[in-house]
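Participant: Handing you this structure, nothing more for now.
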Amino acid sequence: MDYIAEINRLRKEKNAVILAHYYQIPEIQDLADYIGDSLALARRAAETRADIILFAGVHFMAETAKILNPDKKVLLPDLEAGCSLADSCDAKELAKMKAEYPDHKVLSYVNCSAEVKCLSDIICTSGNALKIVETFPKDQKILFVPDKNLGGYINRVTGRDMKLWPGSCQIHDILDAEKVLELKRQHPDAKIIAHPECNPAVLQVSDFVGSTAAMLKFIVEDPCREYIVATETGILHQMHKVAPAKTFYVASNEGGSCACNDCPHMKRNTVEKLYRCLKDETPEITLSEEVIAKARKPIEEMLRLS
Ligand code: 13P
């Protein structure tokens with residue numbers, strides 16, 4: 001079966017939009033109506049006029065789309081496509097911590113469950129985290145959830161002292177700064193670019209730190225010809241597209257061929273699963289009205305401020 005032809009037929013017939021994150025496999029990125037980082041995809045989800053949103057990404061991203069579109073059908077090709085960061089913060093534990101720190105505002109990275117969003121004052125993505133933090137007065141106490149690496153990076157850049165939830169992304173956190181530097185010794189002219197979910201040692205040796213969209217913008221505008229890329233491998237597809245004359249080396253712990261920076265959740269989605277999902281209109285993301293109402297406020301606040 002020609003899955004892509006069938007997806008094209010079905011998306012027209014059903015007035016469906018396909019949103020894909022940069023970490024998806026190249027074939028999915030190429031068939032999507034929109035590709036982007038978490039922030040751009042949340043914006044697209046908020047603006048769409050489609051009846052069905054087929055989300056080629058992970059669970060928390062599709063949940064965000066559902067929260068912003070309670071009357072639309074939001075589909076995720078594989079419900080098992082989760083996120084180690086989102087899993088690292090349990091809403092009940094967060095509720096306990098909030099009770100211990102009643103004078104702290106809760107700023108949550110979008111990589112968290114809908115229940116955690118319900119307990120949050122505002123949401124941020126890696127694309128707008130610095131901007132969102134700066135909307136708080138300097139003396140405002142903040143609890144940052146769930147990524148200790150992104151939170152630590154924001155603390156260092158802004159001079160704040162946010163309290164950090166001890167979560168991390170299984171892909172970014174394990175990248176070894178020594179291995180990154182080894183690659184740099186092999187390619188001394190290359191600049192190191194990293195996602196802020198990487199551990200502090202990797203961020204410290206990086207020439208540029210930014211979200212997936214920010215990294216793409218950087219490599220287009222920057223005069224350098226070679227880059228060592230410290231994030232999930234899916235982004236390479238767009239990098240080659242937007243800067244075909246440049247060279248990219250994937251930072252990994254065991255050399256270029258290691259799959260340690262392939263997110264197992266992002267990579268659960270396949271073209272065949274997208275086709276089946278659109279045809280059968282399942283698996284669908286469902287959330288209670290109460291959760292949608294509560295989780296929507298901090299997301300809308302983020303969209304208003306960014
Ligand atoms: P971006 O917001 O940079 O796309 O990152 C999303 C993500 O989940 C990174 O692991």
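Participant: Applying a 10 Å radius around every beta-carbon, put 233-242, 75-84, 192-201 in order of their mean neighbour count, most first. Don't skip to the end; give the middle numbers.
Facilitator: Working: 233-242: 18.2, 75-84: 20.1, 192-201: 23.3.
For the peptides 233-242, 75-84, 192-201, the packing ranking is 192-201, 75-84, 233-242.
Participant: For the chain, with all protein chains present and a 1.4 Å probe, just round the carbon and sulfur fraction of the accessible area to a whole percent.
Facilitator: On the way: 6540 of 13210 Å².
Percent of accessible area from carbon and sulfur atoms in the chain: 50.
Participant: Please report the spacing between the Cα centers of the stretch 166-211 and the stretch 42-75 in Å, no decimals.
Facilitator: First find each Cα centre; the distance between them is then 31 Å.
Participant: Oh, and also: Please compute the Cα-Cα pair-distance distribution of the stretch 136-276 with 5 Å bins starting at 0, giving whole percents from short to long.
Facilitator: Using 5 Å bins, I get a P(r) of 2, 10, 18, 20, 18, 14, 9, 6, 3, 0, 0 for the stretch 136-276.
Participant: If you place +1 on the Cβ of every Lys and Arg, -1 on the Cβ of every Asp and Glu, and leave all else neutral, what size is the dipole of the stretch 151-306 about its Cα centre, to the nearest 20 Debye?
Facilitator: 240 debye
Participant: Cα-Cα over 24 Å: which of Lys138/Lys163; Lys73/Lys148; Lys72/Lys273?
Facilitator: On the way: Lys138/Lys163 14 Å; Lys73/Lys148 33 Å; Lys72/Lys273 20 Å.
Violating the 24 Å Cα-Cα cut-off are Lys73/Lys148.
Participant: With r as the distance between the Cβ atoms of Arg304 and Lys163 and R0 = 30 Å, compute the FRET efficiency 1/(1 + (r/R0)^6) and round to 0.05.
Facilitator: Details: r = 25 Å, r/R0 = 0.82.
Taking R0 as 30 Å, the efficiency between Lys163 and Arg304 is 0.75.
Participant: Sticking with this one: Between Tyr101 and Asp207, take the C-beta separation as r, use R0 = 51 Å, and let me know the FRET efficiency to the nearest 0.05.
Facilitator: In this case the efficiency is close to 0.90.
Participant: Where only protein heavy atoms count, and the probe is 1.4 Å, what is the accessible area per residue for the chain in Å²?
Facilitator: On the way: 13210 Å² over 306 residues.
In whole numbers, the chain has 43 Å² accessible per residue.
Participant: Something else about it: Test of understanding: what is the full-extension gain from Asn8 to Asn253, defined as 0.36 nm times their sequence separation minus their Cα-Cα distance? If you can, show how the numbers build up before the last one.
Facilitator: Details: separation 245, 0.36 × 245 = 88.20 nm, distance 3.86 nm.
Once the chain is fully extended between Asn8 and Asn253, it gains 84.3 nm.
Participant: When DSSP assigns beta bridges and you keep just the ones with both residues in the chain, what percent turn out antiparallel, to the nearest 5?
Facilitator: Values: 1 of 33 bridges.
If we restrict to bridges inside the chain, about 5 percent are antiparallel.
Participant: Right, here's the next one. Which whole-angstrom value gives the distance between the alpha carbon centres of the stretch 137-153 and the stretch 288-305?
Facilitator: 20 Å
Participant: Moving on to the next point. Working from the alpha-carbon coordinates of the chain, get Rg over Rh, Rh being the Kirkwood radius.
Facilitator: Numbers: Rg = 19.1 Å, Rh = 19.8 Å.
A ratio of 0.97.
Participant: With all pairs of different alpha carbon atoms counted, what Kirkwood hydrodynamic radius in Å does the stretch 73-188 show? The partial results should precede the final answer.
Facilitator: On the way: mean 1/r = 0.0645 Å⁻¹.
After inverting the pairwise mean of 1/r, the radius is 15.5 Å.
Participant: Only loop residues by DSSP count here, and only those with at most 16 other Cβ atoms within 10 Å; note down the trypsin sites (Lys or Arg not before Pro) in the stretch 1-97 that meet that. Before the final figure, lay out each step's value.
Facilitator: Numbers: sites: Arg9, Arg11, Lys12, Lys14, Arg43, Arg44, Arg49, Lys66, Lys72, Lys73, Lys92, Lys96; in loops: Lys14, Arg49, Lys72.
Counting only loop positions with at most 16 other Cβ atoms within 10 Å, the trypsin sites (Lys or Arg not before Pro) in the stretch 1-97 are Lys14, Arg49.
Participant: Need the full-extension length gain, Glu178 to Leu130, defined as separation in residues times 0.36 nm minus the C-alpha distance. One decimal, nm.
Facilitator: Taking Glu178 through Leu130 to full extension adds about 14.6 nm, to one decimal.
Participant: If you take the beta carbon distance between Glu226 and Glu272 as r and set R0 to 30 Å, what does 1/(1 + (r/R0)^6) give as a FRET efficiency, to the nearest 0.05?
Facilitator: Working: r = 36 Å, r/R0 = 1.19.
With a Förster radius of 30 Å, E is 0.25.
The values are calculated or read from the model by the stated rules, or taken from the named source; none is laboratory data. Keep in mind the model is a prediction, meaning the values are calculated, not measured. Reconstructed Cβ throughout: ideal geometry from the backbone, glycine too, with neighbour counts over all protein chains shown. When the accessible area is computed, the model is the full protein with side chains, heavy atoms only, and any ligands, DNA or RNA have been set aside. Shrake-Rupley method; radii C 1.70, N 1.55, O 1.52, S 1.80 Å.
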